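Enquirer: Provided herewith is a single structure, encoded as structure tokens, for subsequent inquiry.
Coordinate-derived values only; no laboratory data. Just so it is clear, the model here is predicted, and its values are computed rather than measured. Because the Cβ atoms are built from the backbone with ideal geometry, glycine has one as well, and the counts that use them run over all protein chains shown.
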Amino acid sequence: MPCGGSAANRLGLTDQNPVRMVYLTSGSGRWLQFDGHPVELHHAPRWQLAAPCRKVGDVIRALTWLGPREVEDGLEAILPELSSDDLDELAVARAAMPNWMAEPASARLSYG
């Protein structure tokens, strides 16, 4: 999976582009070379690898990259851009998130 900085860029939370290619993996962290380009693999917990290739996965990784101090602002910017299906998927994903991310997400998501 692409790292949280890349996800934040795709979601419009930052205009910064990562200088090097960093990907998250469930395996060991390491450096690789592809066609002469260095690629860094970082081990990540399972919850950061949730929803691969889906917008909700990008949301989770972007919020992780922003960190606990910025999660509220990140949610405020991201949630209006999500479809109802994405919001439902994010609500389900809260169970696997750490408390610092799940609690603000619960407070902002209203269902039922």
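Enquirer: Sort largest first and round to whole Å: the equivalent ellipsoid semi-axes of the chain, each the square root of five times a Cα gyration tensor eigenvalue.
Expert: Details: eigenvalues 135, 42, 28 Å².
Semi-axes from the Cα gyration tensor: 26, 15, 12 Å.
Enquirer: May I ask you to derive the relative contact order of the range 4-108, considering only C-alpha pairs under 8 Å and at least 6 residues apart, and to give it as an integer percent?
Expert: Relative contact order comes out at 24 percent.
Enquirer: If you bin every alpha carbon distance in the range 33-96 into 10 Å steps from zero, what whole percent lands in each bin?
Expert: 19, 48, 22, 10, 0
Enquirer: Also, I was wondering about something else. Which distance in nm do the two modelled labels at ARG54 and LEU79 give, with both placed 7 Å along the Cα-to-Cβ direction?
Expert: Label at ARG54, label at LEU79, 2.0 nm between them.
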